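Input: a single structure, listed below in structure tokens.
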Amino acid sequence: MRPARRRILPALLAAAFAGALPAAHAVQFSNVVVFGDSLSDAGFYRPLLAAQGLPSALVAQLGRFTTNPGPIWAEIVAQHYGVSAAPSNANGWIFAQGGARVALPQGASPGVTQRPVSTQVTEYLTRTGGAADPNALHTVWAGANDFFANFTAFAGGQITQAELQANVLAAATAEIQQVGRLYAAGARYVMVFALPNIGTTPQFSALGAQAAGAATQLSAGYNTTLFTGLASTGLRVIPVDAFTLLSEIQANPSAYGFTNTTGIACGPFPGVTTSGNSQFCYSGNLVAPNADRTYIFADGVHPTSAAHRIVADFAMSLVDGPAGYSLYGEVPLRTRAAHVQTLSDGLALAQAGSGTFSAFASTAGGNFEVEAAGTDPSFDSNNRAISVGLTMRASESVVVGAALGRTKAEGTFGAERGGFRTTENTGSVFFGVKSGGFHANGAASLANLDVSESRRAIRLGQATRIAHAAPSGSNASASVNAGYDFAFGGLSVGPIVGWTSQDVEINGFDETGAGSANLRISTQKRRSEVLSAGLRASWNLGSITPYARVTADQEREDDGRFVTASPLSLISGNSYDIPAISLSDSSWTTVTVGVRGNMTNAIGYGVNYTKVTGRSGVSEDYVSGTLSVRF
């Protein structure tokens, strides 16, 4: 982004204005590749600074367009995903360069070549053999220098107002083309930033209300052209609404720790610049000891490192938020398992004798936990189920039944990232068959699903916003199990096989309460199909029968799925896809031990404990108990 006023070392000073519920095992990008201007420049000019004869220790701190040595947003995001945060001329993947325009070359100074975004993309694809990494996060933040060049030309009478607008909007169209090049080369995740409200920067506010208002309108026009164009061409980028974010921060600065929204944090750098300039700004020339944390702007158009942190957090929330919401499709799989166990208990306690009835009531409770992994926080869900049902022995070999149940889950993310509660009201029909050593049972269930107290915590620097939502959905399942028992006196042992299918659907919903961080989450579906094989054993001791069951289970529907989101602050409706969480193993072992028996001739009981093991970083277990009355 090139300031409107002339400065010393113009190639160095040309720059652009710059300004995360996480889910367990969420998307982990293989790389973060950054294109743009000084908004995203991680020190491309540092070699030139060294050539000016500055001390090497000082050069190591300088080079960014912020309150050095604080990192810029791109470095924070790269570090979050554990990849290189170095500029491209230091063997890194941050190609951004201060002063860069979108497609047109900027002016040059000795030893410096201004590289527009179009050239940066070419350099990247040349390095990779023409293919963009499909698992990397690519980011583009550009257009501000095109804005400045044309605004300066208009102020100097070199172009008309119509030409000013046409040229700036043409830069937005050119940015769309560069994004298209990335997708054509194989990129799948491209994050595109809106221009901030340039009219509210210190430099443009000083030009007067009319010029500042024009800059605001032109910034908004650029963004509208950019995001509507991306949407119309089918480029599903991750859109970062920096315009609205900056406006929110300026409207309530104290919430983010800022005490100054109009001044600049950087003082002069003797021998180079007589006024505050972010590239020559460090702890030794701040206007106040903590100005890097209490000022929004480092100089007339660039953000402080505290503002960069907010931009980084905001950008990461657009990835972590949708991934976290994918757990809404996972938790019902666990609560349904507890409900089905209560049906099995009711079957096992059904009264003997054709035409007889039994009523039962069951309860189950357990936990589903995922350990923290890398940058992802832990997740803990407490699940509870109650069921009441009626069984009838249709014949000596067949029992049929129906039941109503309610299951609840309370899920929380670690590191105070939020949580939610789910409630399912379930109707089920089921059957059991036993003839000699052969046995089989099956159940079909349908439930409505409601999510309440959904809270997604979005950290923006020192502030935290809470996004609320209340989605609904459904859960349909069917299961069949069969086996054969070999009797050895009172001991029975035999193989078992099983099949369980579930279809969970979470209806689309809008978040509220988090301003520009609010997202619209589209309908998501989670299909599960589990095959099981193992052994069961029981020992009939008369009035009491202990038993155990062990199965090896495999998820057959383990193809990756995605959650679709779109920021509510953008009227262009840009939507994008983020991978859902992926639990580390598709195979596991389930162990159940329990006991059933009779309290009286008319009352039976059953208690059991189930543990799921063999899934790295995942813990799951539950206990159920049943009382049955025969009549």
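The values are calculated or read from the model by the stated rules, or taken from the named source; none is laboratory data. These numbers come from a predicted model, not from an experiment. Cβ coordinates were reconstructed from backbone atoms using ideal geometry, including for glycine residues, and neighbour counts include every protein chain displayed. Areas reflect the complete protein model, heavy atoms only, side chains present, ligands, DNA and RNA absent. Shrake-Rupley method; radii C 1.70, N 1.55, O 1.52, S 1.80 Å.
Computed values, structure above
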quantity	calculated
Normalised per residue, the volume of the convex hull around the Cα set of region 338-426 (Å³)	84
Positive-end extreme of charge dipole, the chain - chosen from 207, 405, 415 (charges on Cβ)	207
The chain, dipole about Cα centre (Lys/Arg Cβ +1, Asp/Glu Cβ -1), debye to the nearest 20	200
Residue 283 paired with residue 529, simple spin-label distance in nm, labels 7 Å along Cα-to-beta-carbon	6.0
Estimated [θ] at 222 nm from DSSP helical runs (n ≥ 4, -39500 (n - 2.57)) normalised by residues in the chain, nearest 500	-7500 deg cm²/dmol
Accessible surface of the chain [probe 1.4 Å, protein heavy atoms]: carbon and sulfur percent	57
Probe 1.4 Å, all protein chains present, accessible-area order of 611, 525, 434, largest first	525, 434, 611
Surface per residue (accessible, 1.4 Å probe) for region 334-480, Å²	38
Label-to-label distance, nm, for residues given as residue 254 and residue 559 (7 Å Cα→Cβ offset)	5.5
Alpha carbon convex hull of region 220-343, projected area averaged over orientations, nm²	12.9
Residue-normalised accessible area of region 533-631, expressed per residue, 1.4 Å probe, Å²	49
Zero-based 10 Å bins, Cα pair distances in the chain, whole percents	3, 15, 22, 18, 13, 10, 8, 6, 3, 1, 0
As computed over region 187-260, the Cα convex hull volume per residue (Å³)	99
Cα extents of region 371-476 along the three principal axes, largest first (Å)	68, 28, 17
For region 25-154, diffusion coefficient by Stokes-Einstein and Kirkwood Rh (Cα), 25 °C, 0.890 mPa s, µm²/s	160
Region 179-200-region 568-631 distance, computed between alpha-carbon centres (Å)	42
Region 158-274 - accessible surface per residue (Å², probe 1.4 Å)	40
Spatial separation of Cα centroids for region 229-274 and region 134-174, in angstrom	17
Candidate lysines for bridging to residue 408, where Cα separation is under 23 Å - those fewer than 8 sequence places away on the same chain excluded	525, 611
Efficiency of FRET between residue 184 and residue 217 - r from beta-carbon atoms, R0 41 angstrom, step 0.05	0.80
